[in-house]
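**Q** Here it is, the structure in full.
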Amino acid sequence: MAGRIILPAILSCLSVLCFFGGYKEYLIIGTFGIAIILFNYGKTKYNFFLSFLVSIVLSYVVFFLSILISGIIGYLIMGGNPDKKIEGFVLGADINDLLGLIPVAIISPLLMFYSYRVLFKIIKASYFIFIKWASVVVLILLGIINDFYDNSYGYTLWQVTMVLALQLILYQNELKALFKPKTKS
């Protein structure tokens, strides 16, 4: 079972690194949907072909919706002037960079979790809520670290974090059974 949780993240990471740079970058978005569906076919609500297509479409829809929502939020924060910059630093980080984390670390993951409920049989329990918010916190921390070190692997880290979070949510029953204390008879 550990392979079903970790292998999609590895596949996702490798596919992002293969498509990074050049004219193939638009394919990176679809690799998330492919990695998720290949390892979770039995947990989908639909047949394989439809699930495969819906998963890829969901990846792109979430990507563009998060850009649209962050653009609207940015427009409202900047008072209608997109060239306006907010001056200041928070804990040594430029506030504009931290505002850039809103679409990447908060809006996109939340959209992803809720949109993939269309495709998978996800139980919305306390475990779902914990993993959802833990992944948002991890993405915020990774974004801050990425900002300090000017690391170009931000999207790879985002995708791996989200694939792992979604896998943990999809396999929550199996994980609970695995870690449940066994009673002696």
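The values are calculated or read from the model by the stated rules, or taken from the named source; none is laboratory data. Note that the coordinates shown come from a computational prediction; the quantities given were computed from them, not determined experimentally. A quick note on method: Cβ atoms are made from the backbone with ideal geometry, for glycine too, and the neighbour counts reach across all protein chains shown.
**Q** In this structure, is F32 closer than 23 Å to L101 by Cβ and surrounded by 14 or more Cβ atoms within 10 Å (Cβ to Cβ)?
**A** Criteria met by F32.
**Q** Moving on. Among the residues of the stretch 139-154, is any assigned to a helix (DSSP H, G or I), aromatic (F, W, Y) and either in contact with a Pro (Cβ under 8 Å, 6 or more places away or on another chain) or closer than 29 Å to F48 by Cα (or both)?
**A** No.
**Q** Further, regarding this structure: Which ranges mark the helices (runs of 4 or more DSSP H) fully within the stretch 1-79 that have 2 or more residues being of a type in the set (S, T, Y)?
**A** In the stretch 1-79, the matching helices (runs of 4 or more DSSP H) lie at 2-19, 48-77.
**Q** Now, a different point. Taking interchain pairs and intrachain pairs at least six residues apart, which have beta carbon atoms under 6 angstrom, with the first residue in the stretch 23-46 and within 17 Å of I122 (Cα to Cα) and among the hydrophobic types (A, V, I, L, M, F, W, C) and the second surrounded by fewer than 20 Cβ atoms within 10 Å (Cβ to Cβ) and at pLDDT below 85?
**A** Short answer, once both residue conditions are applied: F39/R4.
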